[in-house]
1. Counting just the residues of the range A:141-168 that are in contact with a Lys or Arg (Cβ under 8 Å, 6 or more places away or on another chain) and among the aliphatic types (A, V, I, L, M), which one comes out surrounded by the most Cβ atoms within 10 Å (Cβ to Cβ)?
2. Residue check: is B:Thr137 over 16 Å from A:Ile98 (Cα atoms) and at the interface with chain A (Cβ under 10 Å from one of its Cβ atoms)?
3. Report yes if B:Ala149 is in contact (Cβ under 8 Å) with a residue 24 or more places away in the chain, of a type in the set (Gly, Ala, Ser) and either farther than 26 Å from B:Asp46 by Cβ or assigned to a helix (DSSP H, G or I) (or both), otherwise no.
4. Can you pull out the residues in the range A:414-431 that are more than 21 Å from A:Gly235 (Cα to Cα) and either touching a residue at least 60 places away in the same chain (Cβ under 8 Å) or among the hydroxyl-bearing types (Ser, Thr, Tyr) (or both)?
5. Exactly one condition in (1) within 30 Å of A:Gln18 (Cβ to Cβ); (2) surrounded by 15 or more Cβ atoms within 10 Å (Cβ to Cβ); (3) modelled with pLDDT of 90 or more is not met by A:Gln138; state its number.
6. Would you check if B:Leu142 is crowded, with 19+ Cβ neighbours inside 10 Å, in a helix (DSSP H, G or I) and either within 14 Å of another protein chain (Cβ to nearest Cβ) or under 15 Å from the mean Cα position of the chain (by Cα) (or both)?
7. Just a yes or no: is a residue in the range A:312-319 assigned to a loop (DSSP other than H, G, I, E, B), among the aliphatic types (A, V, I, L, M), surrounded by fewer than 17 Cβ atoms within 10 Å (Cβ to Cβ) and modelled with pLDDT of 80 or more?
8. Does any residue of the range B:107-116 turn out to be over 30 Å from B:Gly69 (Cβ atoms), within 14 Å of chain A (Cβ to nearest Cβ), part of a helix (DSSP H, G or I) and modelled with pLDDT of 90 or more?
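The values are calculated or read from the model by the stated rules, or taken from the named source; none is laboratory data. Being a predicted model, the structure only gives us computed values, none of them experimental. Heads up, the Cβs are rebuilt from the backbone with ideal geometry, glycines too, and the neighbour counts pull from every protein chain shown.
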Amino acid sequence: MLQVEVVKKLTAPDFAVQVFLEVGNEVVSILGPSGSVKSLTLRLIAGILRPDAGRIVLDGRVLYDSQQGIDLPSRQRRIGFVFQNYALFPHLTVEENISYGIRHWPGARRRARVQELIKLMRLAGLEREYPARLSGGQQQRVAVARALAPQPDLLLLDEPFSALDNRVRERLVQEFAQLSRELGITALLVTHNLEEAYTLSSRIAVMEGGQVRQFGSRADILRRPCCRAVARFTGARNIFDGEVLKKEGAYSLIRGERFSVVAPAITFAPGEKVAFAIRPEDVILMKEEEVPDKIREAARPPDLIRPALTPPLVPHAWTAGDTVDQPRSGQKAGVIPRPVKEAGQDNQPGPTPTAGEAVESPNIAGWPGGGWPAGDGATAWNQLATPGLENIFLATLLEERSGTGNNILFVSLSGPKKPADYDLELVVPRNIYRFFDLAPGKTFWLRLPPESIWVWREDG
Amino acid sequence: MERIELFPLYLSLKVSFLATLLSLGLGLPLAWVLAKRNWPGKDWVDAVFTLPMVLPPTVLGYYLLVVIGRRSPLGAFLEEKLGVTLVFTWPAAVLAAAVVSLPLLVKSARAAFEGVDPNLEDAARTLGQGELTVFFTVSLPLAWRGIAAGTILAWARALGDFGATLMVAGNIPGQTQTMPIAIYDAVLAGNLTLANTLVIIITLLALVTLGVLNRLNRRVFDLHR
């Protein structure tokens with residue numbers, strides 16, 4: 001069990017590093033872009049660098065405590081360190097490297113331990129070689145073996161896989177994942193690669209600008225980021241600012257700049273400014289026949305359609321403005337199209353519908369015939385808050401890129417426009433893309449499942 | 001006659017050898033501390049110990065006289081309490097040779113220590129080894145070629161010193177007459193046979209030294225690094 005609370009002021013770049021971490025009997029990754037001083041954090045824990053203030057406790061032993069004036073030198077901390085460039089002793093053989101940390105052990109025990117590690121790390125036959133003659137993967141395994149030899153309480157790894165090419169890296173990451181599980185190693189790993197962090201650790205600490213922004217389980221980091229910095233780094237690429245309009249039971253309504261969404265219940269109050277995000281891979285493509293008629297028809301003009309909440313929620317009908325109607329007794333939930341305000345157009349509201357009545361949409365010069373209305377932030381409310389049918393939008397594919405086994409789509413929710421001005425980024429598996437027979441310019445239905453929408457408030 | 005001819009050779013070898021030892025003893029720790037640590041006044045210390053490379057040897061000899069001469073505090077103390085006079089003895093020659101050769105050793109050794117990847121030393125520390133062990137098992141083995149090259153340069157400089165040695169040790173045949181001084185003396189006296197002999201010996205020594213240095217330098221670029 002490692003507890004770290006340290007601060008260190010840096011001069012170049014000029015900021016303070018503040019780390020608060022707790023690592024149990026597990027592998028934790030510190031994830032962050034380059035330059036977020038992740039390696040420095042490891043060095044502070046290992047005793048290679050001294051913090052300005054703080055406390056480091058490992059398995060009940062105080063390694064560093066600025067208030068009590070304790071600062072154990074590296075050699076007494078029982079911490080293994082794997083350097084980014086491995087730092088193998090070039091003048092010693094593989095065997096000698098591995099046994100360096102246990103040179104004071106009695107001969108037989110030392111040799112046995114070295115053999116054990118050589119077998120574990122698949123280094124048989126290389127005992128007498130010098131590091132310069134080994135491949136990158138082999139060097140890395142020697143570095144890990146050397147660090148593990150003295151049976152340290154904690155293993156620190158500084159970007160241990162970044163110097164390897166992709167194929168070798170994948171294999172070693174898998175091996176290390178398995179190894180750490182088998183041996184029950186407590187380890188802290190630094191990386192800038194999200195996949196690595198996700199594969200190897202149960203919890204991830206995302207660092208940016210010298211601070212730990214979020215420290216939580218893998219799922220938390222990926223699906224419930226605390227802030228833009230974390231969201232961006234973990235691939236939640238559709239991040240929007242918004243305002244809470246309404247909360248009702250299990251749903252909330254968030255208005256974003258370009259479109260609004262029905263999101264799960266949140267703790268924020270109406271009127272609060274929030275951010276929300278949906279991961280590109282969580283957006284669902286829908287077949288035309290899956291989309292309810294009402295939505296399909298109503299979405300043709302770029303229209304304001306009020307969402308209705310089905311029982312057991314109180315049926316409300318939201319108006320085209322930002323206010324919420326009081327429930328009128330007897331009114332049933334329904335979809336009521338309303339004309340959109342357009343410059344120069346008659347601003348009279350359409351006929352007041354009675355419950356259940358289908359209203360003919362006025363013939364607005366809108367998509368797909370003419371151009372889209374130049375609304376000043378007019379949002380296309382296209383939501384029917386029926387479970388399974390929330391947040392259905394008609395999207396236009398602007399641009400498409402091929403990924404490995406998938407396609408990355410950039411779509412607009414407000415009609416055709418320049419690809420650079422896309423509203424949403426989606427990732428769909430290749431077979432789905434082919435199934436829908438999409439091409440730039442074509443339209444299709446998509447859905448943003450509320451449970452995949454994460455809402456948070458940026459703390460400054 | 002033979003013995004007198006060979007005495008400067010014997011003296012020079014003795015003096016240069018001892019001077020090099022003295023340089024190593026002082027220079028290695030200094031080089032390490034300059035390479036690995038930062039401390040206030042470091043640049044000044046570095047400058048002071050580089051001076052002997054820049055100042056004329058006779059100026060160095062003068063400073064040495066000021067420090068250990070019979071009228072200096074140190075010299076007077078030594079004479080009174082221990083009955084020892086340093087000036088115009090062969091130990092003074094050792095001192096002079098050491099002073100002029102120290103900077104060469106320190107510069108080379110410092111570069112050699114700086115050339116050792118600090119990660120290696122940090123790795124050794126995290127593997128439980130104390131500072132001395134780290135030095136002898138990691139720093140020194142990886143820096144020894146640079147140090148050896150520096151030592152040889154220092155020795156060559158010590159062997160060839162003239163000005164500083166002359167100032168503090170004088171030109172006393174059979175006592176403080178090192179080879180460079182003996183050559184000078186022989187030329188002045190017109191004894192060209194002696195001069196030629198001594199010159200050839202020194203030249204051969206120099207060639208051998210160069211050969212050894214070259215081999216050391218070539219190996220520095222091998223796969224070890």
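1. Going through the qualifying residues, I end up with A:Ala149.
2. no
3. Spelling it out, B:Ala149 is indeed in contact (Cβ under 8 Å) with a residue 24 or more places away in the chain, of a type in the set (Gly, Ala, Ser) and either farther than 26 Å from B:Asp46 by Cβ or assigned to a helix (DSSP H, G or I) (or both).
4. Step one: list which residues in the range A:414-431 are more than 21 Å from A:Gly235 (Cα to Cα), which gives A:414-418, A:431.
Matches in the range A:414-431: A:Ser414, A:Gly415.
5. Failing condition for A:Gln138: (1).
6. Here the answer is yes, as B:Leu142 does meet what is asked.
7. Step one: filter the range A:312-319 for residues assigned to a loop (DSSP other than H, G, I, E, B), giving A:312-317, A:319.
Checking which are among the aliphatic types (A, V, I, L, M) leaves us with A:313-314, A:317.
From the residues that got through so far, the ones that are surrounded by fewer than 17 Cβ atoms within 10 Å (Cβ to Cβ) too are A:313-314.
Checking the rest, the ones that are also modelled with pLDDT of 80 or more come to none.
No, there is no match, as no residue in the range A:312-319 is assigned to a loop (DSSP other than H, G, I, E, B), among the aliphatic types (A, V, I, L, M), surrounded by fewer than 17 Cβ atoms within 10 Å (Cβ to Cβ) and modelled with pLDDT of 80 or more.
8. yes
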